[in-house]
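The values are calculated or read from the model by the stated rules, or taken from the named source; none is laboratory data. Predicted, not measured: the structure shown is a model, and the values here were computed from it. A quick note on method: Cβ atoms are made from the backbone with ideal geometry, for glycine too, and the neighbour counts reach across all protein chains shown.
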Amino acid sequence: MKTAPLFCVFVCCAICGAGRAENWPQWRGPSYNGSSPEKGLPANWSKGSALWQADLPGPAAATPVIWGDKVFVSSVDATASTLNAICLDRLSGKVLWNKTVMEGAIRQDDKSNFATPSPIADAAHCFFLYGNGMMAAYDHAGNKLWSRNVFKEYVTPASTLAFNWTYSSSPALYGDRLFLQVLQRNVPTRGHGRTEGSLDSFLLVLDPASGAQLAQVLRPTDAVEESREAYTTPIPLEFEGKTTIMVCGGDYLTGHDPKTGQELWRSPTFNSGKKDSWRVVASPVASRGVILVCAPQPANPICGMQLAPGGPPPGPTIAWTDDNHREVSADTPTPAVLDGDFFVLGDIKRNLSRVEPATGKIKWTVATPGPAKYEAPPTAGDGKIYLMNHAGTVVVVNAADGAILDSIAMGERGDELTRSCIAISSGELFIRTNHKLYCVGGK
């Protein structure tokens, strides 16, 4: 019997209309930009009014992903010291299966753990990547399809990749390819990085059906020291009939072939002064032919890169930067897109701004409430922007004017470093705190 090509349903879902319930198949949602076209999403609720809540075995920054009636969650088990892949029923929150992917160390620093990359799902499969390179694929029933350490050949048993902090890039699925990026230093740092062999930055292309490596594409850069590091995620860019996979970091934005991973274009540098501390965490996001790149740290500008008519290649040119007033910056959170505009969450400047893609004009800026820091990327839908801070408090913002609609405490006493962004599917919000997963309904 002939079957449809692997993962074709994922692509169809990403381009279907807003009149039906959407899946949230990967970290930044169905359109790779943190937004959902669904309507009837809640603006006000309380923790006690959640449709359901489920206990989680440990904290993680990974975002839950949803396909149909299943929710997939990457987690650590803090008690058992394991890395886990979990599937829950979307309607009830019941745990359908919980698989131990690996036993042993679950972290390498005190700010995060290995369950920081978010999983991916399509109509029949789910993929889990962890910060130590372990990756596993399952079908929706929980049967393991394959597993491997995708970084094993690039590190020594006693070391890790050459990052100051824990590797945290999520994988990307486009068509019949999985993409994983490693943008690391070219020398060991803080005891991380192998001491024999080269320390290259590269893009991996994997076969989703088997986990086999299809290509390893080197990504050279003239960036120096920490500016070589990036914690961004590959983002598919569809523009005027052409598709590239965007990779941001090492002072450049590059576009790669969605089949081979080969570099097709490279932007001008966004670090012309060659500062040595410009590691990039926020991934690129695109709207109306403009790609938004967020330079790191509070005093550095956001940058709008204009795509050429006809689509890339050639690569984008810098259209504008926020150099003058520097009101808008995002050190860690990846911006979202809604109604064509960028919504930039300033985790250090403690504000949220609506920015016009064509000009960089700031339509409004509002201070984020409360003392806790906001590092989780914003989620957008139905005229609202959803934020969550380190304490697990969700803030709902009116996208039209920046008015705060509500602030809901979803975390537990003592919660900190809550970083998972909120997912949207079937008119519901999926909110992950350090210890629980909540489902909040709309109308």
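Quick rundown of the values:
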{"read-out": "Residues that are of a type in the set (D, E, K, R) and either assigned to a strand (DSSP E or B) or closer than 30 Å to residue 373 by Cβ (or both), drawn from region 93-102", "value": "99"}
{"read-out": "Search result, residues across region 397-422 that are within 17 Å of residue 373 (Cβ to Cβ) and either in contact with a Cys (Cβ under 8 Å, 6 or more places away or on another chain) or part of a loop (DSSP other than H, G, I, E, B) (or both)", "value": "410, 411, 414, 415, 416, 417, 418, 419, 420, 421, 422"}
{"read-out": "Some residue of region 235-246 being surrounded by 24 or more Cβ atoms within 10 Å (Cβ to Cβ) and either in contact with a Lys or Arg (Cβ under 7 Å, 6 or more places away or on another chain) or on the phi > 0 side of the Ramachandran plot (or both)", "value": "no"}
{"read-out": "Residue check for residue 344: over 21 Å from residue 272 (Cα atoms) and either at pLDDT below 95 or in a strand (DSSP E or B) (or both)", "value": "yes"}
{"read-out": "Among the candidates 62, 105, 115, residue that is more than 21 Å from the chain's Cα centre (by Cα) and either in a loop (DSSP other than H, G, I, E, B) or over 21 Å from residue 171 (Cα atoms) (or both)", "value": "105"}
{"read-out": "Checklist (1) more than 21 Å from residue 73 (Cα to Cα); (2) of a type in the set (Lys, Arg); (3) buried (at least 22 other Cβ atoms within 10 Å of the Cβ) applied to residue 419, failing item", "value": "(1)"}
{"read-out": "Test: residue in region 260-270 that is part of a loop (DSSP other than H, G, I, E, B), more than 19 Å from the chain's Cα centre (by Cα), surrounded by fewer than 16 Cβ atoms within 10 Å (Cβ to Cβ) and of a type in the set (Val, Ile, Thr)", "value": "yes"}
{"read-out": "Residue satisfying all of: in region 385-413; surrounded by fewer than 20 Cβ atoms within 10 Å (Cβ to Cβ) and not aliphatic (A, V, I, L, M); farthest from residue 438 (Cα to Cα) among these", "value": "401"}
{"read-out": "Scope region 317-340; condition of a type in the set (Asp, Glu) and out of contact with any Asp or Glu (no Cβ under 6 Å at 6 or more places or on another chain); matching residues", "value": "322, 323, 327, 339"}
{"read-out": "Flag if residue 370 is surrounded by fewer than 24 Cβ atoms within 10 Å (Cβ to Cβ), under 21 Å from residue 44 (Cβ atoms) and touching an Asp or Glu at 6+ places or on another chain (Cβ under 9 Å)", "value": "no"}
